[in-house]
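Visitor: Below is the structure I would like to discuss, written out as structure tokens.
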Amino acid sequence: MASKNYYDVTEWKIGNPYEDIGEVINSIIADIKSRQTELDVNEGGKPGAVIYIPSGDYHLRTQVVIDISYLKIMGAGHGFISSSIRFNIPQNEWAELHDLWPGGSRILVDLMPEAGGEEAKGAAFYVERSGDPRISSVEFENFCIDGLHFVDDGLGKAEPENTYTNGKTGIYIAGAQDSFRITGMGFVYLEHGITIYDADALSIHDNFIAECGNCIELRGSGQASKITDNLMGAGYKGYSIFAQNFGGLLVTANNIFPRGTSSVHFDSVARSSITSNRFHSFYPGMLVFEGSCSENLVSSNHFLRDHEPWPPMQGLDNGLDDLFGLLNISGDHNSIVSNHISETIGTQYIKPEGARPVIIHVVSGKGNHISNNHIVATTETAGEQNDGAASCFSAQVGALLTTDRLAELEVTTVLVEKEAVQNTVLDSGSETQVIIDKTVNAFRGTPVPGV
Amino acid sequence: MASKNYYDVTEWKIGNPYEDIGEVINSIIADIKSRQTELDVNEGGKPGAVIYIPSGDYHLRTQVVIDISYLKIMGAGHGFISSSIRFNIPQNEWAELHDLWPGGSRILVDLMPEAGGEEAKGAAFYVERSGDPRISSVEFENFCIDGLHFVDDGLGKAEPENTYTNGKTGIYIAGAQDSFRITGMGFVYLEHGITIYDADALSIHDNFIAECGNCIELRGSGQASKITDNLMGAGYKGYSIFAQNFGGLLVTANNIFPRGTSSVHFDSVARSSITSNRFHSFYPGMLVFEGSCSENLVSSNHFLRDHEPWPPMQGLDNGLDDLFGLLNISGDHNSIVSNHISETIGTQYIKPEGARPVIIHVVSGKGNHISNNHIVATTETAGEQNDGAASCFSAQVGALLTTDRLAELEVTTVLVEKEAVQNTVLDSGSETQVIIDKTVNAFRGTPVPGV
Amino acid sequence: MASKNYYDVTEWKIGNPYEDIGEVINSIIADIKSRQTELDVNEGGKPGAVIYIPSGDYHLRTQVVIDISYLKIMGAGHGFISSSIRFNIPQNEWAELHDLWPGGSRILVDLMPEAGGEEAKGAAFYVERSGDPRISSVEFENFCIDGLHFVDDGLGKAEPENTYTNGKTGIYIAGAQDSFRITGMGFVYLEHGITIYDADALSIHDNFIAECGNCIELRGSGQASKITDNLMGAGYKGYSIFAQNFGGLLVTANNIFPRGTSSVHFDSVARSSITSNRFHSFYPGMLVFEGSCSENLVSSNHFLRDHEPWPPMQGLDNGLDDLFGLLNISGDHNSIVSNHISETIGTQYIKPEGARPVIIHVVSGKGNHISNNHIVATTETAGEQNDGAASCFSAQVGALLTTDRLAELEVTTVLVEKEAVQNTVLDSGSETQVIIDKTVNAFRGTPVPGV
């Protein structure tokens, strides 16, 4: 009488999971479907199943295609390790390393997507179902999807393994879905970690998504979802979080480290929340609202922008200059309140040379409320921060803790462009730090000590 | 030597879990107790056990009764799907649907509670133990409790399957308990999702609780608990979160969608926190503090109230008018700071007709601190928002993203009633938007653009 | 073909897990290592494994030593119960108790650390690996580590079982590591719950860590980590959260109850976040920034300090007086914004006698931004709060809900010491409540009702 709805990929009769776990999982899904023949047996009939992936290395040469609800694919470890650090260690030193590759329940994505080919073809897990209702409650839990290598992107800027480019995606959900969960997963060395179209009531919670070109992309449209409590960091030319035409998204309690062309990039997102996150970036454009982004809340976040401390990545950035703003806002009626924003940067790195960096940049829109933000800007002596750093870790921690010997850096804490009117800026910089047309906007400067 | 403390309901010797999982689980609990005969064997003796529910459809015809600590009941999927959408599709179209019923590890609650009978009798899982110590560390994880149907409530307002009424409860904890966990669960079509009396150090985390009359009700009294990172939404006549005589409750990182007569309703709750949530409602009274609610913090939340976009539910609401307030506050020394509050509503829906809606309504109390809230109120052309919406999802997303063509709506951002004195209202509306007796309260208006 | 990377401690061939689970787990780790002989087999080779601990009582007499990546140790229940309440019930009443000991998957730490011996020797789980790369992605999940007893600490203040002293640690990580996860665990009656040196991308999420001398100590240095969504509370002479030389730590969504000499203690921490937490303490010094703590954000937290209501602990405290501050801040450019802070204390408990208690105390530093905090201070009649409290629970809830009959207590809401200059204090107390040199700092008082 034991349940047939539990499958261990290492015990399945078809295929070899170590050679091609894709073939195995697709065969299991076919088995589940063959047993789900009746739609409404005693008010049930299609409960789904668990596919369990024990700790191990599993090559994936066939894309997994999911078109049934209530499927749970679960492993026994997110298995992250920094592949980026390893690939920047000379290969003749690899023999001395304890570990070379990620681990846990690890999918090695051996798909060979064509350059410039259809993006969906490079996905390890592909979800799509047409018709009604939307596919629901698929869960991904606690395994590792490893894209293995980046490749030469033809741009000549980065070493092949540093390009964040390989045409591979971890999980690609092509159409409308409801109440999916992605939890406790690891994603590494994928050009796209998670790409989802038309999400509803989605939960992406407590994952580790790093060293991916992009981490999370919510495309098409969507509503009422949460991205919470993740550790993340995209590549220098991708997004850590991207969302499009979304309403009611909650982004909270994430620790998003560099790089990422943006930490969060919203395109025409409304009535969404970005609160209680920690954001760290090496470039301007940490938070971008483009298109018509309205009535969003950005509150109680910590933003830090400093200079790339790790030599292998120091030539790379997102191409934006310091007049772009750490936060670049287009849209109406957004609230940017109670955030701490730190920028620390050697003056020699400022672009254009000699510019006064902009922190919060309201490009266009009306009715935005920018209040009670504390902006700290400092500069430091060139090169000093990395002296004696024995590793990427100590370089980074050293840079993070370098606050003592810093001099104040003059910045524009808030710049409200001429196109933007009827905005309100309160307690987010002094008279001399804020650029705003007070005849069409409201302003109250932060009181200045001793004045 | 393999552990005896692990039970798979599909492998247990007594009962048939597909016919009555209640009988099976009760029999397993009896077995656990029969083996826990000695209180203090080598400083142990009663460690508890796991009861595992594989993916599948399990009817429950006997209430599960739990009276031992350290029991963990876990499944393999929360299994949510919208039953509400399905029940509002004509039944002759059901044959074309891929899925009819929720899934995962799904309990079908086939209890037949009497109308007006004792509420606890309609609970699928009932927990109670008298004596000392309090029952501790029971865990519910990753399965689905499905109440199956709502029924005619005799009120004549809603179709039977839209009444949110059936006398069923998912988990009912009748008395004092400590350190319980409810995680990764799904609750659907229950009149009460989770009802708990006298909670201490409770964690309700990362669940999916929707299309229930009420989602979470913390009754009696309680302390030091958390409701975090859940996706939730109650029916039009129930609570998404209710708490009573509670101290030190933390409500954070939840995405609470409609409907819910309230998103959060506190009755005599003190020194608790509501922060970093996203709340969406179709009616006034999103947040209600009644009785003596004191020293609570409401911060960094996003509130949105708009009009019900889905035809089957458009005749239903919580009966409150627009003078009640989106936030209705009675009590002392509460902090309402750094929230974004959006209201968008066609003027034809405002009740009483022609009224100026109230957003934050301080009904009574002293020492409340209402500061740095950004309130956005807009109106829209009647009916326009749903034009061309092909489904509930696209109607909802369309409404959420409708911010472009909106006109400003005049509202009272804060109304402090005569009974309330010694309150402080700062930067939460202009002179003309706030109604407050400045001789007995403190006020600083948000500066107005261009003035 | 079934995976060999899954081990159940009750089915392992070596040792007896009930007698000494340490020997069993070490033997399993040795087996894993014996099978991981090749570093780079087809881009894999060392995936790790799961060690599963079913519900049960497992004595640990040998320290577990972990030096491989991707190991997951998981149980079936966090098993917390209050041992503190039990040890303060006369032993002749124990026979009437339902449960005496914690449960779930419970490790009974039977190590006998020498008094004053090396701290690491008292650790149940000890992690260390030298060389490169750092050990990665070890996961601890959903089991209980029970230190069993506290012992006489020779100080004569507390009964032996109330000393929070026994030389035992739950998890001790001695050196640099990456992407570890500690989730769903229970820790009880350990002098140190979790001690970690040089953490990177660590996640401590959704645990129950209570009745430990210290809960979480992040020592050495570290970066880019999160402590989220935990229920915690340390002893009267230890830390609930301690971090040292850390950058980019995110502390959010935790409910931290008493006691704890501090709820959070930072030593030279920079660019970190403490947001959306609920903190409750019985002493001053709830949040301490010592050394050079810079550019940190403290926002949207609820702080409550009241008087110890439970007789067995009423003679004990952290030794700090009411001039120390509930928040004691040394450092530059920190943001303390949008917090609610409640203090309620009988005047007879104030030390030094007759002093005006300090809430936010800026001891030294420049550029700190303290804005929009709501501070509520009240006093109550001596002894009244515990009248009729039948238990620790009802005493605590009673105290938490005691807000009605309180009189206002005069406090200094913010004290900026002479050594601290160029700080900004806005809307965090009235002219008479804030002590600050306005010639070298900036100040705007909260408007006073009726003035």
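Visitor: Taking only Cα atoms, what is the 0 to 90° angle, nearest 10, from helix A:17-35's long axis to the longest principal axis of chain A?
Guide: Relative to chain A, helix A:17-35 is tipped by roughly 70 degrees.
Visitor: D for the range A:307-369, whole µm²/s, Stokes-Einstein with Kirkwood Rh over alpha-carbon pairs at 20 °C and 1.002 mPa s: what number?
Guide: 158 µm²/s
Visitor: Still on this structure, please answer the following. Just check the range C:94-243 against the gyration tensor rule for me: Cα atoms, a ≥ b ≥ c as the square roots of the eigenvalues, rounded for a/c under 1.5, and otherwise prolate or oblate depending on whether a/b exceeds b/c.
Guide: Because a/c hits 1.5 or more and a/b exceeds b/c, the range C:94-243 counts as prolate.
Visitor: With all protein chains present, how much of the accessible area of the range A:79-136 (probe radius 1.4 Å) comes from carbon and sulfur, to the nearest whole percent? Write down the numbers at each step before the final one.
Guide: On the way: 1160 of 2450 Å².
About 47 percent, which is the carbon plus sulfur part of the accessible surface.
Visitor: Would you mind giving the total buried accessible surface between chains B and A, with a 1.4 Å probe and ligands, DNA and RNA left out, rounded to the nearest 100 Å²?
Guide: 6000 Å²
Visitor: State log₁₀ I(q)/I(0) for the range C:388-451 at q = 0.19, 0.20, 0.23 Å⁻¹ as given by the Debye formula over alpha-carbon point scatterers of equal weight, solvent excluded.
Guide: Each listed q maps to, in turn, -0.75, -0.79, -0.91.
Visitor: Here is a further query. Taking beta carbons within 10 Å but only from partner chains, what does the mean come to for residues C:172-180?
Guide: Average per residue, whole number: 2.
Visitor: Right, another one. Taking the Cβ of B:Leu231 as the centre, find all other residues whose Cβ is under 12 Å away and add up their charges (Lys, Arg: +1; Asp, Glu: -1). Intermediate results must be reported in sequence, preceding the final value.
Guide: Numbers: positive: A:Arg181, A:Lys226, B:Arg278; negative: A:Asp178, A:Asp200, B:Asp206, B:Glu211, B:Asp229.
Result for the local shell: -2.
Visitor: Follow-up. At 1.4 Å probe size, with no ligands or nucleic acids counted, give the accessible surface of C:Tyr164 in Å², nearest ten.
Guide: Counting only protein heavy atoms, the figure is 10 Å².
Visitor: Here is a further query. Distances longer than 20 Å among the Cα atoms of the range A:127-211: what percent of all pairs is that?
Guide: Distances greater than 20 Å cover 42 percent of the Cα pairs.
Visitor: Taking every residue in A:55-66, how many Cβ atoms of other protein chains lie within 10 Å of its Cβ, on average? Let's see the in-between values first.
Guide: On the way: counts 12, 8, 8, 2, 3, 0, 0, 0, 0, 0, 0, 0.
Per residue, the number of nearby Cβ atoms from other chains is 3 on average.
Visitor: Same structure, new question: Hey, got a sec? Which trypsin sites (Lys or Arg not before Pro) in the range B:1-103 land in a DSSP loop and have at most 15 other Cβ atoms within 10 Å?
Guide: Loop-located and lightly packed - B:Lys4, B:Lys13, B:Arg61.
Visitor: Using a cut-off of 25 Å between alpha-carbon atoms, which lysines can reach C:Lys4, once sequence neighbours fewer than 8 places away in the same chain are excluded?
Guide: A:Lys4, A:Lys13, A:Lys72, B:Lys4, C:Lys13, C:Lys33, C:Lys46, C:Lys72
Visitor: On to the next question. Let a ≥ b ≥ c be the square roots of the eigenvalues of the Cα gyration tensor of chain C; is it rounded (a/c under 1.5), or, if not, prolate (a/b larger than b/c) or oblate? Don't jump to the answer; show the numbers that get you there.
Guide: Numbers: a/c = 2.58, a/b = 1.53, b/c = 1.69.
Because a/c hits 1.5 or more and a/b fails to exceed b/c, chain C counts as oblate.
Visitor: Return the lysines within reach of B:Lys157: Cα separation strictly under 28 angstrom, same-chain partners fewer than 8 residues apart disregarded; answer none if there are no such residues.
Guide: Output for B:Lys157: B:Lys121, B:Lys168, B:Lys237, B:Lys351.
Visitor: Moving on. What list of ³J(HN,Hα) couplings, whole Hz, do you get for the range C:169-180 from phi and the Karplus terms 6.51, -1.76, 1.60, once you set θ to phi - 60° and write x for glycine and proline?
Guide: 10, x, 10, 10, 10, 7, x, 4, 8, 9, 6, 6
Visitor: A follow-up question, please. What whole-number value in cubic angstrom gives the convex hull volume per residue for the C-alpha atoms of the range B:220-348?
Guide: Enclosed volume per residue, from the Cα hull, is 96 Å³.
Visitor: Let me make sure I get this right: for the protein assembly as shown, a, b and c are the square roots of the gyration tensor eigenvalues over alpha carbons, sorted descending. Under 1.5 in a/c it's rounded, otherwise prolate if a/b > b/c, else oblate. Which is it?
Guide: Rounded is the answer for the protein assembly as shown, as its axis ratio a/c remains below 1.5.
Visitor: What whole number of Å gives the distance from the Cα centroid of the range B:60-116 to the Cα centroid of the range B:268-347?
Guide: If we compute the Cα centre of each part, the gap is 30 Å.
Visitor: Continuing with this model, one more query. Scan around C:Ala234 for amide H atoms under 5 Å from its own, H built in the peptide plane at 1.01 Å from N, and keep only partners 5 or more places away or cross-chain.
Guide: Distant-sequence amide H within range of C:Ala234: C:Ser240, C:Arg259, C:Gly260.
Visitor: Could you tell me the relative contact order of the range B:327-375? Use alpha-carbon pairs under 8 Å, at least six residues apart, and round to a whole percent.
Guide: So the answer I get is 67 percent.
Visitor: With the radius of gyration and the Kirkwood radius both derived from the Cα set of the range B:8-59, what is their ratio Rg to Rh?
Guide: Checking Rg against Rh, the ratio lands at 1.09.
Visitor: Which one of A:Leu190, A:Thr275, A:Ala377 has its Cα pushed farthest toward the positive end of the charge dipole of the protein assembly as shown, where Lys and Arg give +1 and Asp and Glu give -1 at the Cβ?
Guide: A:Ala377
Visitor: Give me the dipole magnitude in Debye, nearest 20, for the range A:107-204 about the Cα centre, with unit charges on the beta carbon: positive for Lys and Arg, negative for Asp and Glu.
Guide: 160 debye
Visitor: Per the helix-only calculation at 222 nm, which mean residue ellipticity applies to chain C, given -39500 (n - 2.57) for every DSSP H run of n ≥ 4 and division by its residues, nearest 500 deg cm²/dmol?
Guide: Details: 3 runs with 34 residues, N = 451.
Using -39500 (n - 2.57) per qualifying helix, the result is -2500 deg cm²/dmol.
Visitor: Could you give the size of the charge dipole of the protein assembly as shown about its Cα centre, using +1 on the Cβ of each K and R and -1 on the Cβ of each D and E, expressed in debye and rounded to the nearest 20?
Guide: The dipole of the protein assembly as shown has a size of about 720 debye.
Visitor: May I ask you to order C:415-423, B:181-189, A:152-160, A:38-46 by the average number of other C-beta atoms within 10 Å around their residues, highest value first? All intermediate terms of the calculation are to be shown ahead of the outcome.
Guide: Values: C:415-423: 19.0, B:181-189: 26.6, A:152-160: 12.8, A:38-46: 16.0.
Highest mean packing first, the order is B:181-189, C:415-423, A:38-46, A:152-160.
Visitor: Are there GluC sites (Glu not before Pro) in the range B:68-122 that DSSP marks as loop and that have at most 13 other Cβ atoms within 10 Å, and which are they?
Guide: Sites meeting the loop and neighbour criteria: B:Glu114, B:Glu118.
Visitor: Provide a whole-number value for the mean count of partner chain Cβ atoms within 10 Å of the Cβ atoms in peptide A:366-374. Each step should come with its number before you reach the end.
Guide: Working: counts 1, 5, 1, 8, 1, 9, 14, 4, 14.
Other-chain Cβ atoms within 10 Å of each residue's Cβ, averaged: 6.
Visitor: Report, to the nearest whole %, how much of the accessible area of the range C:299-426 belongs to carbon and sulfur atoms, 1.4 Å probe, protein only.
Guide: C and S fraction of accessible area: 50 percent.
Visitor: Further, regarding this structure: Can you give the accessible area per residue of chain B, in Å², using a 1.4 Å probe? Mind dumping the intermediate values first?
Guide: Working: 13000 Å² over 451 residues.
For chain B, the solvent-accessible area averages 29 Å² per residue.
Visitor: Additional query: List the distances, in nm to one decimal, from the label point of C:Ile89 to the label points of the same position in every other copy, shortest first, placing each label point 7 Å from Cα along the Cα-to-Cβ direction.
Guide: Shortest to longest, the spacings are 5.4, 5.4 nm.
Visitor: Which lysines have a Cα less than 27 Å from the Cα of B:Lys438, not counting those fewer than 8 places away in the same chain?
Guide: B:Lys366, B:Lys418
Visitor: Can you list the copy-to-copy distances for A:Gly315, using a point 7 angstrom from Cα toward Cβ, in nanometres, shortest first?
Guide: Ordered by increasing distance: 7.1, 7.1 nm.
Visitor: Same structure again: In whole Hz, with x marking every Gly and Pro, tabulate ³J(HN,Hα) for the range A:223-239 from phi via Karplus 6.51 cos²θ - 1.76 cosθ + 1.60, θ = phi - 60°.
Guide: Once rounded to whole Hz, the list reads 7, 6, 10, 9, 10, 9, 6, 9, 9, 8, x, 8, x, 6, 10, x, 9.
Visitor: Given charges of +1 on the Cβ of Lys and Arg and -1 on the Cβ of Asp and Glu, with all other atoms neutral, how large is the dipole of chain B about its Cα centre, in debye to the nearest 20?
Guide: I would put it at about 840 debye.
Visitor: Something else now. What list of ³J(HN,Hα) couplings, whole Hz, do you get for the range C:413-425 from phi and the Karplus terms 6.51, -1.76, 1.60, once you set θ to phi - 60° and write x for glycine and proline?
Guide: 6, 9, 10, 9, 5, 4, 5, 9, 10, 6, 8, 10, 10
Visitor: For label points placed 7 Å from Cα toward Cβ, what is the shortest-first list of nm distances from C:Gly354 to its copies?
Guide: Copy-to-copy label distances at C:Gly354, shortest first: 6.5, 6.5 nm.
The values are calculated or read from the model by the stated rules, or taken from the named source; none is laboratory data. Please read all numbers here as calculations on a predicted model, not as lab measurements. Cβ atoms come from the backbone with ideal geometry, glycine included; neighbour counts cover every protein chain shown. Each accessible area value is taken on the protein alone, full model and side chains, heavy atoms only, with ligands, DNA and RNA left out. Shrake-Rupley method; radii C 1.70, N 1.55, O 1.52, S 1.80 Å.
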